[in-house]
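To start, the structure itself, in structure tokens.
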Amino acid sequence: MALANEHITAAAVAAAEYPDLVRQYQVTGVPKTIINETGEILGAVPEAAFVSQMIAALGAGSETPRPGETNDGPA
């Protein structure tokens, strides 16, 4: 997603090298995706499930436009 949208950032972190982050984010498995410090997705999930969980974590009524859209509708 981060490659497709300039408003999304992503970072991969080696858990063994950053024990403080492991504790902070309570990492119990990998991959673990943290969404705006409020949501998370644990483990490898199919793309459709990942997108669904991401949308749910961000809130279905979010004012953030999808790629190719503005707050006024499709670009």
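The values are calculated or read from the model by the stated rules, or taken from the named source; none is laboratory data. Note that the coordinates shown come from a computational prediction; the quantities given were computed from them, not determined experimentally. Glycine also receives a Cβ, built like all others from the backbone with ideal geometry; neighbour counts cover every protein chain displayed.
Annotations for the structure displayed:
- Hey, residue 10 exposed (fewer than 10 other Cβ atoms within 10 Å of the Cβ), under 16 Å from the mean Cα position of the chain (by Cα) and either touching a residue at least 24 places away in the same chain (Cβ under 8 Å) or assigned to a helix (DSSP H, G or I) (or both) or not: no
- Check on residue 63, exposed (fewer than 13 other Cβ atoms within 10 Å of the Cβ), over 11 Å from the mean Cα position of the chain (by Cα), at pLDDT 90 or above and not aliphatic (A, V, I, L, M): no
- Among the residues of the stretch 13-55, those that are exposed (fewer than 13 other Cβ atoms within 10 Å of the Cβ) and charged (D, E, K, R) comprise 17, 20, 23, 37, 47.
- Subset tally (residues that are under 15 Å from residue 11 (Cα atoms) and without any contact (Cβ under 8 Å) to a residue 12 or more places away in the chain) for the stretch 34-50: 2
- Candidates in the stretch 14-36 are the residues that are part of a loop (DSSP other than H, G, I, E, B) and closer than 17 Å to residue 1 by Cα; of these, the one that is modelled with the highest pLDDT is 31.
- Residues that are outside any helix (DSSP H, G or I) and among the aliphatic types (A, V, I, L, M) were ranked within the stretch 37-56; the one that is nearest to the chain's Cα centre (by Cα) is 41.
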